[in-house]
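Read through the structure below, which is laid out as structure tokens, and then see the notes.
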């Protein structure tokens, strides 16, 4: 009887605790900004790629940035806001990874996934090769010679399984891949709702032959147990939950912005100047960034924006250089299941965020200030 009463008391306390727990209300949001500088210790950090080839440690203490010029990984302490050192990578020799690095990702605290053109390498914290996998040798899911593997990501719970898009150079068809290194296996997923991205491609034809072009970006985000696929043209996702065999498609409706970018009026041009003008026009329409995960609050943040280019252009700018802009930026808050729980214009941001992530309850946005690494931190106050 005594044990029974104790059980009832515990259930009562749990029920009271659950009822008093308050979930953040994002129906009304206010924002504030602050800027922090990283002490480079007199090193010239590689900022040319806007930190697009960078990776965070799971505890968010460190950011590693690939330096293409020095072929090294720069280690930044985000708690102390200072440069801590470099890991030199080898192009040749027993630990050589070749001349080309398309991307890299941090695996746990002491291993790195380095992607080359034809395969990937697992390195330790000293740059020693621990494993090597060829894309053409992944069994039934091997990539064809015409396919290129884009950046791979992994879930914190399973650093041996990696997720990424591949693209066929001839057809521009995208496929989603689940690469299991220890099994030497690749599972391929069709993503038919993203096939429409080809309608937004702009092909450059010069002297009657293909000479390049531009197309919309694809993104991969991860939470603790989900992989989220998105793109820049539409308010939509594919989601692969941990250990689930199939992708789930989600389409959202915003109350503040269009949910899809308008298609281009033409899809082929014959000069770089015409390509630039079409691209600028496309950027003036709605653009969607990748969702970023806030593990502390268990929500996703996703920016969307319209580029608002200023009339004056920099002297000496190249045709594909975008002029300065004063952008219109919005922020959408998504719950764990990728459903909208709040959205707002962010007038404090005058430019669309580049590389960004969440740390200490704030969104950290990369900024280059006089060739020094800095972050603009966006704080969100909800009711």
Expressed as a whole-number percentage, the relative contact order of the chain with C-alpha contacts under 8 angstrom and at least six residues apart is 15
Rounded to the nearest whole number, the per residue volume of the convex hull around the C-alpha atoms of segment 82-228 in Å³ is 162
Which three semi-axes in whole Å describe the equivalent ellipsoid of segment 241-288, each the square root of 5 times a Cα gyration tensor eigenvalue, listed largest first?
32, 17, 9
Column: log10 I(q)/I(0), Debye, Cα scatterers of segment 243-383, q = 0.08, 0.10, 0.18, 0.20 Å⁻¹
-0.28, -0.44, -1.16, -1.30
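Between residue 69 and residue 360, what is 0.36 nm times their sequence separation minus the Cα-Cα distance? Round to one decimal in nm.
Working: separation 291, 0.36 × 291 = 104.76 nm, distance 3.15 nm.
Extra length from residue 69 to residue 360 when fully extended: 101.6 nm.
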Expressed in Å to one decimal, the Kirkwood Rh of segment 92-166 from all distinct alpha-carbon pairs is 12.8
Based on Cα positions only, what radius of gyration and what Dmax would you give for the chain, in angstroms?
22.6, 91
For the chain, what does the helix formula give at 222 nm: sum of -39500 (n - 2.57) over DSSP H segments with n ≥ 4, over the residue count, nearest 500 deg cm²/dmol?
-2500 deg cm²/dmol
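Suppose a student asked you for the relative contact order of segment 244-383, using Cα pairs under 8 Å spaced at least 6 residues apart; what percent would you report?
Relative contact order, segment 244-383: 17 percent.
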Between the modelled labels at residue 118 and residue 136 (7 Å from Cα along Cα→Cβ) the distance in nm is 0.6
Alpha carbons only, please: Rg and Dmax for segment 85-132, in angstrom.
9.7, 29
Figure the gain on full extension for residue 129 and residue 351 (residue separation times 0.36 nm, minus the Cα-Cα span) and round it to one decimal in nm.
75.9 nm
Could you quote the convex hull projected area for segment 178-240, Cα atoms only and averaged over all directions, in nm²?
6.3
Relative packing of peptides 328-341, 30-43 - highest average C-beta neighbours within 10 Å first
328-341, 30-43
Could you calculate the FRET efficiency of residue 271 with residue 209 from 1/(1 + (r/R0)^6), where r is the beta carbon distance between them and R0 is 22 Å, rounded to 0.05?
0.95
Mean separation of Cα contacts under 8 Å (6+ apart) over length of segment 204-300, as relative contact order %
28
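Where a number appears in this text, it was derived from the coordinates with a stated rule and is not lab data. In this text the structure is predicted, and so the values were computed from the model without any measurement. For neighbour counting, all protein chains shown are included, and Cβ atoms are generated from backbone atoms with ideal geometry for every residue, glycine included.
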